[in-house]
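Peer 1: I am attaching a structure below and will ask some questions about it afterwards.
Bear in mind these aren't lab numbers, they're just calculated from the coordinates by the rules spelled out. The structure presented is a predicted model; accordingly, all values stated were derived computationally and were not measured. Here the Cβ positions follow ideal geometry from the backbone for every residue, glycine too, while neighbour counts run over all protein chains shown.
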Amino acid sequence: MLNEKIIEILKHEGPASFATHGTDGIHLAATWNSYIEVLYNDTLLIPAGHLNKTQRNVEAGSEVQMILASKDVAGLQGNGAGFLLKGKAKFEESGINFDKLKSRFNWVRSAMVFNVKEVTELV
């Protein structure tokens with residue numbers, strides 16, 4: 001599911017934006033590509049320092065949509081590749097995933113575990 005191009009994008013710095021939906025509408029947030037780890041073929045591990053509203057929306061049942069892109073990776077029409085990822089997430093405030101992120105980022109308060117269910121190449 002998470003193909004070689006997506007993994008390559010994560011090696012190039014850039015913003016990784018994601019959206020959830022809550023009672024007050026769509027909420028957008030972002031992190032950096034380099035902060036994201038591939039946990040499994042369909043799962044990303046994302047450090048959460050804030051992301052409080054994102055977490056509330058996810059815990060209330062919102063799905064997550066994420067855009068990953070880099071102009072330094074070959075895409076469908078030359079330089080620049082981008083993907084839309086859709087799926088469900090959960091937040092973990094202890095355990096192996098949390099400890100892994102906490103060892104890299106001392107500001108982590110939670111680990112966002114994003115299980116990707118659908119991938120669409122955009123560019």
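Peer 1: Here is a list of conditions, (1) more than 16 Å from MET1 (Cα to Cα); (2) out of contact with any Ser or Thr (no Cβ under 8 Å at 6 or more places or on another chain); (3) crowded, with 17+ Cβ neighbours inside 10 Å, and TRP107 meets all of them except one; can you say which number that is?
Peer 2: Against the list (1) more than 16 Å from MET1 (Cα to Cα); (2) out of contact with any Ser or Thr (no Cβ under 8 Å at 6 or more places or on another chain); (3) crowded, with 17+ Cβ neighbours inside 10 Å, TRP107 comes up short only on (3).
Peer 1: Shifting gears a bit: I'm trying to understand the selection: among the residues of the stretch 1-49, which are free of Cβ contacts under 8 Å to residues at least 12 places away in the same chain and not small (Gly, Ala, Ser)?
Peer 2: GLU4, ASP24, ILE26, LEU28, TYR40
Peer 1: So which of THR54, THR20 ends up being of a type in the set (Val, Ile, Thr), under 14 Å from the mean Cα position of the chain (by Cα) and within 19 Å of GLU118 (Cα to Cα)?
Peer 2: Every option except THR20 fails the conditions.
Peer 1: So which of THR23, THR43, THR54 ends up being of a type in the set (S, T, N, Q) and either in contact with an Asp or Glu (Cβ under 6 Å, 6 or more places away or on another chain) or closer than 19 Å to ARG109 by Cβ (or both)?
Peer 2: THR54
Peer 1: Output the residues belonging to the stretch 71-104 that are outside any strand (DSSP E or B), hydrophobic (A, V, I, L, M, F, W, C) and loosely packed, with under 15 Cβ neighbours inside 10 Å.
Peer 2: If the condition is that a residue be outside any strand (DSSP E or B), hydrophobic (A, V, I, L, M, F, W, C) and loosely packed, with under 15 Cβ neighbours inside 10 Å, then LEU76, ILE96 are the ones that fit.
Peer 1: Anything in the stretch 72-106 that is farther than 27 Å from GLY61 by Cβ and touching a Pro at 6+ places or on another chain (Cβ under 8 Å)? List them, or say none.
Peer 2: The answer is ARG104, PHE105.
Peer 1: Looking at VAL119, VAL108, VAL113, can you tell me which residue is in contact (Cβ under 8 Å) with a residue 60 or more places away in the chain, in a loop (DSSP other than H, G, I, E, B), touching a strand residue (DSSP E or B) at 6+ places or on another chain (Cβ under 9 Å) and not hydroxyl-bearing (Ser, Thr, Tyr)?
Peer 2: VAL108
Peer 1: A further question on this structure: Somewhere in the stretch 97-108, is a residue of a type in the set (A, V, I, L, M, F, W, C), within 17 Å of LEU10 (Cβ to Cβ) and in contact with a Gly (Cβ under 6 Å, 6 or more places away or on another chain)?
Peer 2: no
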